[in-house]
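The values are calculated or read from the model by the stated rules, or taken from the named source; none is laboratory data. Nothing here was measured: the structure is a model prediction, and the numbers come from that model. Using ideal geometry, Cβ is built from the backbone for each residue, glycine included, and neighbour counts are taken over all protein chains shown. To get the accessible areas, we keep the full protein, side chains included, count just its heavy atoms, and leave off ligands, DNA and RNA. Shrake-Rupley method; radii C 1.70, N 1.55, O 1.52, S 1.80 Å.
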Amino acid sequence: MSKKRIGILVSGRGSNMESIVKAVQRGMVSYDVAVCISDRARAQAVVRARDLGVSVQVVRKRDYARKDAFEDAMADVLDAHRVDLVVLAGFMRLLSPHFIRRFPNRIVNIHPSLLPSFPGLDAQAQAVRHGVRISGLTIHFVNEGLDSGPIIFQYPVPVLPGDSDEDLANRILKYEHEFYPRVIDIIVAGAFHLNDRRVVLDLKIKGMFTSA
Ligand code: GRF
């Protein structure tokens, strides 16, 4: 059987993209990275992806008159690469229903907080400012809202006294890199089912907190 294929959407630094590609290259997961799409030509992620030998395409919003044309261009690249799952990794745009309908339950995102707490930008700074003792990360399906889709996986990370936003961000990021490649492996294999908005994983993985 041929390997499942993912497409990764990025806008910035690309450290999650890199951790996914390295997991693939080390044979730790069973899928391939077919393509990486950046909506910013100068993103660090573009350089990183090229250095890792991943096929990268830049698709910029400003080159299209309308948002749906921009999103169609990205979706066409993903289709051309026969992608089974779309993986957002620091992709800084809200995708419209138009795009999401082309990949039903086939888009995942990672967010650096325990959703539904602290959606949107600067989740780690929101957590520090709020004074929570535990934050963490959430991997979820993308729906039409902001960071509001069905939750696949969460991992708690402590907020320590005196933490700066950056301290917390770095502590969470380490776990993002550890878990995102593995959770993608389960989802791209189709080893889950959806019970309303509850995601039930058919595979149990050691060290992971998943729904029952
Ligand atoms: C990560 O913290 C991720 O949770 C959030 O955006 C950041 C992306 O970082 N969605 P990177 O580009 O993967 O380094």
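Quick look at the values:
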quantity: Matching residues in the range 1-12 - criterion: being within 16 Å of the ligand (Cβ to nearest atom), more than 21 Å from Glu178 (Cβ to Cβ) and surrounded by fewer than 21 Cβ atoms within 10 Å (Cβ to Cβ); calculated: Ser11
quantity: Matching residues, the range 194-212, being touching a strand residue (DSSP E or B) at 6+ places or on another chain (Cβ under 6 Å) and at pLDDT 95 or above; calculated: Val199
quantity: Those residues of the range 88-98 which are on the phi < 0 side of the Ramachandran plot and in contact (Cβ under 8 Å) with a residue 60 or more places away in the chain, in sequence order; calculated: Leu88, Ala89, Phe91, Met92, Arg93
quantity: Any hit, the range 31-46, residues being within 16 Å of the ligand (Cβ to nearest atom), touching an Asp or Glu at 6+ places or on another chain (Cβ under 6 Å), of a type outside the set (A, V, I, L, M) and not assigned by TED's automatic domain parsing to the domain that holds Leu146; calculated: no
quantity: Hits in the range 91-102 - residues which are assigned to a loop (DSSP other than H, G, I, E, B), open to solvent by less than 40 Å² (accessible area, probe 1.4 Å) and away from the ligand (no atom under 16 Å from the Cβ); calculated: Ser96
quantity: Conditions (1) crowded, with 20+ Cβ neighbours inside 10 Å; (2) within 16 Å of the ligand (Cβ to nearest atom); (3) in a helix (DSSP H, G or I); number of the one not met by Lys22; calculated: (1)
quantity: Members of the range 31-70 that are aromatic (Phe, Trp, Tyr), farther than 30 Å from Ala189 by Cβ and part of a loop (DSSP other than H, G, I, E, B); calculated: Tyr64
quantity: Any hit, the range 128-138, residues being more than 13 Å from the ligand (Cβ to nearest atom), outside the structural domain of Arg198 (by TED's automatic domain parsing) and either farther than 25 Å from Lys4 by Cβ or surrounded by fewer than 18 Cβ atoms within 10 Å (Cβ to Cβ) (or both); calculated: no
quantity: Failed item in (1) of a type in the set (Gly, Ala, Ser); (2) touching a helix residue (DSSP H, G or I) at 6+ places or on another chain (Cβ under 6 Å); (3) within 11 Å of the ligand (Cβ to nearest atom), with Ser15 passing the rest; calculated: (2)
quantity: Those residues of the range 66-117 which are farther than 25 Å from Glu178 by Cβ and in contact with a Ser or Thr (Cβ under 9 Å, 6 or more places away or on another chain), in sequence order; calculated: Lys67, Asp68, Glu71, His81, Arg93
quantity: In the range 71-90, the residues that are closer than 29 Å to Ala191 by Cβ, away from the ligand (no atom under 16 Å from the Cβ) and either aliphatic (A, V, I, L, M) or in a helix (DSSP H, G or I) (or both); calculated: Glu71, Met74, Ala75, Asp76, Val77, Leu78, Asp79, Ala80, Val83, Leu85
quantity: Some residue of the range 51-59 being open to solvent by less than 20 Å² (accessible area, probe 1.4 Å), more than 16 Å from the ligand (Cβ to nearest atom) and in contact with a helix residue (DSSP H, G or I) (Cβ under 6 Å, 6 or more places away or on another chain); calculated: yes
quantity: Unique residue being touching a residue at least 40 places away in the same chain (Cβ under 8 Å) and in the same structural domain as Arg182 (by TED's automatic domain parsing) when the list is Leu114, Leu9, Leu85; calculated: Leu114
quantity: Selected residue (only one of Leu146, Leu173, Leu194 is within 16 Å of the ligand (Cβ to nearest atom), surrounded by fewer than 18 Cβ atoms within 10 Å (Cβ to Cβ) and aliphatic (A, V, I, L, M)); calculated: Leu146
